[in-house]
Amino acid sequence: PYEVLIIGGGPAGAAAGVYAARKGIRTGIAAERFGGQVNDTNAIENYISILETDGPKFAQALEAHVKAYEVDVMNLQTAEKLVPGEEPGDLIEVHMTNGGVLKSRSVILSTGARWRNVNVPGEAEYRNKGVAYCPHCDGPLFKGKRVGVIGGGNSGVEAAIDLAGIVGHVTLLEFAENLRADAVLISKLKSLPNVEVITNAQTTEFTGTNGKLDGLNYKDRTTGESHRVEMEGVFIQIGLVPNTEWLKGTLELSKYGEIVVDARGATSIPGVFAAGDATTVPYKQIVIAAGDGSKAALSAFDYLIRTPAP
Ligand code: FAD
């Protein structure tokens, strides 16, 4: 069995792997796709000490760093069930979709999250070419330009307020009749001179020229009429879904499905820790996930030295 078994190989899992291996304990990482969301990222400009890199390069560097240590890297492996021990200190099992069962004295869950898509023509085609998901990451790319925000919940309205300070003009489109964000955010949004809000708007298509986004079409749900808004960028803010469906009923999840963790990354099960976008830790960013992963590994080590081996 492993002493630390990490599920997920994004920035959180990779950092946990390096920290655990440096303690000289038997460490394994199983990941569906090593690198995680970073693989889908274009430019990364906010990982401190790296002025600029791209996603695939960063993902390769994560893997190379982990492989520089004695870590069992199991790529293309999907976990489907977590079985805690009967007593604290017992081995914890992780069942994989290929039928295998991995056992470990402690487990770190770092299965990340995925952005919900609108699922209309042009979205996939112009992803990273105008279609974006993370205002903290990509907002500055659209300095002075026209952008859209899809979604009028808290994330969408926060994104619109944030972007209004950087870009030239923001059009926020909400599917429902009213914005669903907190009143204080809505009144802040309405005080901004360069923001327009369109409600009852169903986005039907993202369009582009020369491989770059140039606008979107939407249907007014009250009249059925089609309209067009021209823009250089659009931020889709209709939800970030944690990859934790397989953990439902096993450990405590928030109402959004995030793994509930304390300041040390401990979950509701002794010996099971969690890190990164899959957890309740606020702000989903690479530098935060990596910091969380290292924290979870140190917590797992602390747990192991205090818990007798089975
Ligand atoms: P993830 O990166 O999501 O990794 C999760 C890992 O778990 C993957 O290896 C996945 O395959 C694996 N996994 C999932 N389910 C299972 C399972 N059941 N069994 C086994 N393995 C599983 N952040 C920034 O800081 N700067 C940026 O510029 C930036 N740009 C972004 C651009 C895009 C398009 C996107 C989508 C995100 C961007 N982010 C950016 C956010 C950043 O990528 C995430 O915050 C970060 O990757 C989270 O790391 P993580 O390790 O928690 O999860």
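The values are calculated or read from the model by the stated rules, or taken from the named source; none is laboratory data. Predicted model only: the values in this text are computed from it and were never measured. Ideal geometry is used to build each Cβ from the backbone, glycine not excepted, and the neighbour counts take in all protein chains shown.
Let me spell it out: the conditions are (1) away from the ligand (no atom under 14 Å from the Cβ); (2) crowded, with 18+ Cβ neighbours inside 10 Å; (3) part of a loop (DSSP other than H, G, I, E, B), and Val261 meets all of them except one. Which number is the exception?
(1)
It is to be established whether one or more residues within the range 192-213 are touching a Ser or Thr at 6+ places or on another chain (Cβ under 8 Å), surrounded by fewer than 22 Cβ atoms within 10 Å (Cβ to Cβ) and in a loop (DSSP other than H, G, I, E, B).
Yes, the range 192-213 contains at least one residue that is touching a Ser or Thr at 6+ places or on another chain (Cβ under 8 Å), surrounded by fewer than 22 Cβ atoms within 10 Å (Cβ to Cβ) and in a loop (DSSP other than H, G, I, E, B).
Within the range 137-146, is there a residue that is away from the ligand (no atom under 16 Å from the Cβ), within 18 Å of Leu216 (Cβ to Cβ) and among the acidic types (Asp, Glu)? So that I can check it myself, show each step before the final result.
Taking the range 137-146 first, the residues away from the ligand (no atom under 16 Å from the Cβ) are 144-146.
Applying the additional criterion that residues be within 18 Å of Leu216 (Cβ to Cβ) yields 145-146.
Subset that is among the acidic types (Asp, Glu): none.
So far as the range 137-146 goes, no, none of its residues is away from the ligand (no atom under 16 Å from the Cβ), within 18 Å of Leu216 (Cβ to Cβ) and among the acidic types (Asp, Glu).
Being within 13 Å of the ligand (Cβ to nearest atom) and either surrounded by 15 or more Cβ atoms within 10 Å (Cβ to Cβ) or in contact (Cβ under 8 Å) with a residue 24 or more places away in the chain (or both) is the requirement here; does Gly239 meet it?
yes
List the number of the failed condition for Glu225; all other conditions in (1) within 23 Å of Pro135 (Cβ to Cβ); (2) exposed (fewer than 14 other Cβ atoms within 10 Å of the Cβ) hold.
With (1) within 23 Å of Pro135 (Cβ to Cβ); (2) exposed (fewer than 14 other Cβ atoms within 10 Å of the Cβ) applied to Glu225, the lone miss is (1).
Condition (residue is buried (at least 17 other Cβ atoms within 10 Å of the Cβ), away from the ligand (no atom under 13 Å from the Cβ) and without any contact (Cβ under 8 Å) to a residue 60 or more places away in the chain) applied to the range 13-21: is it met by at least one residue?
yes
Is it the case, given these coordinates, that Ala30 is assigned to a helix (DSSP H, G or I) and among the hydrophobic types (A, V, I, L, M, F, W, C)? I'd like the intermediate steps shown before the answer.
Values: assigned to a helix (DSSP H, G or I): no; among the hydrophobic types (A, V, I, L, M, F, W, C): yes.
Here the answer is no, as Ala30 does not meet what is asked.
Can we say Tyr47 is more than 9 Å from the ligand (Cβ to nearest atom) and of a type in the set (Phe, Trp, Tyr)? Quick ask: steps written out before the conclusion?
Details: more than 9 Å from the ligand (Cβ to nearest atom): no; of a type in the set (Phe, Trp, Tyr): yes.
For Tyr47, the condition - more than 9 Å from the ligand (Cβ to nearest atom) and of a type in the set (Phe, Trp, Tyr) - is not met.
Here are some residues: Lys295, Lys255. Which one is over 21 Å from His95 (Cβ atoms) and assigned to a helix (DSSP H, G or I)? Break it down stepwise before answering.
Numbers: Lys255 fails: assigned to a helix (DSSP H, G or I).
Just a single option satisfies the conditions, and that option is Lys295.
Just give me the residues in the range 33-53 being at pLDDT below 95, more than 15 Å from the chain's Cα centre (by Cα) and not in a loop (DSSP other than H, G, I, E, B), in sequence order.
Selection gives Ala43 alone.
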